[in-house]
1. Out of Glu86, Glu25, I need the residue that is at pLDDT below 90 and within 19 Å of Gly180 (Cβ to Cβ). Which one?
2. Return yes or no: is Val131 at pLDDT 95 or above, surrounded by fewer than 23 Cβ atoms within 10 Å (Cβ to Cβ), hydrophobic (A, V, I, L, M, F, W, C) and more than 16 Å from ligand 2 (Cβ to nearest atom)?
3. Quick one: which of Pro76, Pro103, Pro107 is within 11 Å of ligand 2 (Cβ to nearest atom), assigned to a loop (DSSP other than H, G, I, E, B), touching a residue at least 12 places away in the same chain (Cβ under 8 Å) and more than 17 Å from the chain's Cα centre (by Cα)?
4. Of all residues in region 125-139, how many are in a strand (DSSP E or B) and closer than 22 Å to Asn152 by Cβ?
5. When you scan region 156-175, how many residues do you find that are more than 11 Å from ligand 1 (Cβ to nearest atom) and of a type in the set (D, E, K, R)?
6. Within region 79-100, which residues are assigned to a loop (DSSP other than H, G, I, E, B) and open to solvent by 10 Å² or more (accessible area, probe 1.4 Å)?
7. Going residue by residue through region 130-152, is there one that turns out to be within 11 Å of ligand 1 (Cβ to nearest atom) and closer than 18 Å to Leu39 by Cβ?
Amino acid sequence: MNKMMLASTLLCGSALAMTGCQTVEGQMQTGNPLSQPTLKSTIHTVSGDKKEVGQVFLRPVDDGVQVYGKLMNLKPGQTVALHIHETGSCADMGKAAGGHFNPDNKPHSNPDDMNGHAGDLPNLTANENGVATINYINKKISANEAGKYSVNRLAFIVHGGTDDYTSQPAGNAGDRVACGIIEKN
Ligand SMILES: [Cu+2]
Ligand SMILES: [Zn+2]
């Protein structure tokens, strides 16, 4: 079993049981028409050759938006922060993406805190192959094409460090190392 198949199996075997099983590449394995991702993002490094290091998909589910996919090329065991930032640009080493997506003017917080930034997401930890998966239901964003809470045309930012879920305004998560624009799938 290659690494990509293993990652897919892990995703399919976990919280996706309720909504159907889907690989990280976005290919349907079971037929649920509600399960198609409506948005996706290809993540690339912000410096050097801007190498592709992952893909993240978003789709509406009953209680929010499922954010799922994987990041590669991390150090084994490394824990990194991932957020949705408010501007859809990866220019200037990712700085052009601005601050965390925050349509209701809340403080930075734990992603499960409904009183925190809509763009806050859980830290990801890489496995022994340097691959980290995310599979998280965000209840504060929309995967619609437009609207106050829509994340279409915003940006994912991966940081070199870990989000402490407390420090303002961004969890003291370190440098921006990778970025991806969120686009219609
Ligand atoms: Cu960030
Ligand atoms: Zn935040």
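1. On the way: Glu86 fails: at pLDDT below 90.
The unique qualifying residue is Glu25.
2. Numbers: at pLDDT 95 or above: yes; surrounded by fewer than 23 Cβ atoms within 10 Å (Cβ to Cβ): yes; hydrophobic (A, V, I, L, M, F, W, C): yes; more than 16 Å from ligand 2 (Cβ to nearest atom): yes.
Here the answer is yes, as Val131 does meet what is asked.
3. Working: Pro76 fails: within 11 Å of ligand 2 (Cβ to nearest atom); Pro103 fails: within 11 Å of ligand 2 (Cβ to nearest atom).
Pro107 is the lone residue from the list that is within 11 Å of ligand 2 (Cβ to nearest atom), assigned to a loop (DSSP other than H, G, I, E, B), touching a residue at least 12 places away in the same chain (Cβ under 8 Å) and more than 17 Å from the chain's Cα centre (by Cα).
4. As a first pass, look at region 125-139 and keep what is in a strand (DSSP E or B): 125, 132-138.
Filter once more, keeping what is closer than 22 Å to Asn152 by Cβ: 134-138.
Within region 125-139, residues that are in a strand (DSSP E or B) and closer than 22 Å to Asn152 by Cβ number 5.
5. Going through region 156-175 one residue at a time, the tally reaches 1.
6. Of region 79-100, the ones assigned to a loop (DSSP other than H, G, I, E, B) are 81, 86-91, 98-99.
Once the filter is applied, which keeps residues that are assigned to a loop (DSSP other than H, G, I, E, B) and open to solvent by 10 Å² or more (accessible area, probe 1.4 Å), region 79-100 yields Glu86, Thr87, Gly88, Ser89, Cys90, Ala91, Gly98, Gly99.
7. Keep residues of region 130-152 that are within 11 Å of ligand 1 (Cβ to nearest atom), which gives none.
Within region 130-152, none of the residues are within 11 Å of ligand 1 (Cβ to nearest atom) and closer than 18 Å to Leu39 by Cβ.
The values are calculated or read from the model by the stated rules, or taken from the named source; none is laboratory data. Just so we're clear, the structure is a prediction, and the values are computed from it rather than from any experiment. In this analysis, Cβ positions are derived from the backbone assuming ideal geometry, glycine residues included, and neighbour counts consider all displayed protein chains. For the accessible areas, the whole protein counts, side chains as well, though only heavy atoms, and no ligand, DNA or RNA atoms are used. Shrake-Rupley method; radii C 1.70, N 1.55, O 1.52, S 1.80 Å.
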